[in-house]
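As structure tokens, the structure follows; a few thoughts come after it.
The values are calculated or read from the model by the stated rules, or taken from the named source; none is laboratory data. Bear in mind that the values here come from a model prediction, so they are computed numbers and not experimental data. Using ideal geometry, Cβ is built from the backbone for each residue, glycine included, and neighbour counts are taken over all protein chains shown. We work out accessible area using only protein heavy atoms, side chains counted, and drop any ligands, DNA or RNA first. Shrake-Rupley method; radii C 1.70, N 1.55, O 1.52, S 1.80 Å.
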Amino acid sequence: MGRDDGNPIHYAAVTRGTPVYAADGQQVGVVDEMVDNYREHILDGFVIEDGDGELRFVDAPEVARTAERAVRLTIDSAAAAQLPPPEKAPPSFSPRRSGRLGKLLGGNWRRR
């Protein structure tokens, strides 16, 4: 590990651009986005940008540690190079509190 990653932090505090290192110490990319399972309040994974500018999805079990200056993975750099691209999530809808006119006109759902 040789580098000082800083103090451990909650996954939600990891910022975009934080370096991501494989288990063998190689930097495999930088954090592009944190993916949270909001309903269960758990980490789903990270979308990282690799050295070629490709986006890849790191599933939560492959994340060993989140710190102030780095994210460490449980997989080596060869496995990280094989990570899949992130999936596009379908839009989610939630009921809107509207009056009878809104229900009549079909305006009872909103896109998130």
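Less than 5 angstrom separates the built amide H of ALA64 from those of ARG72, LEU73, THR74, all sequence-distant by 5 or more or on a different chain. The residues of segment 1-75 have, on average, 59 Å² of accessible surface per residue, using a 1.4 Å probe with all protein chains present. Working ranking of peptides 26-37, 48-59 by packing, defined as the average number of other Cβ atoms within 10 Å per residue, highest first, is 26-37, 48-59.
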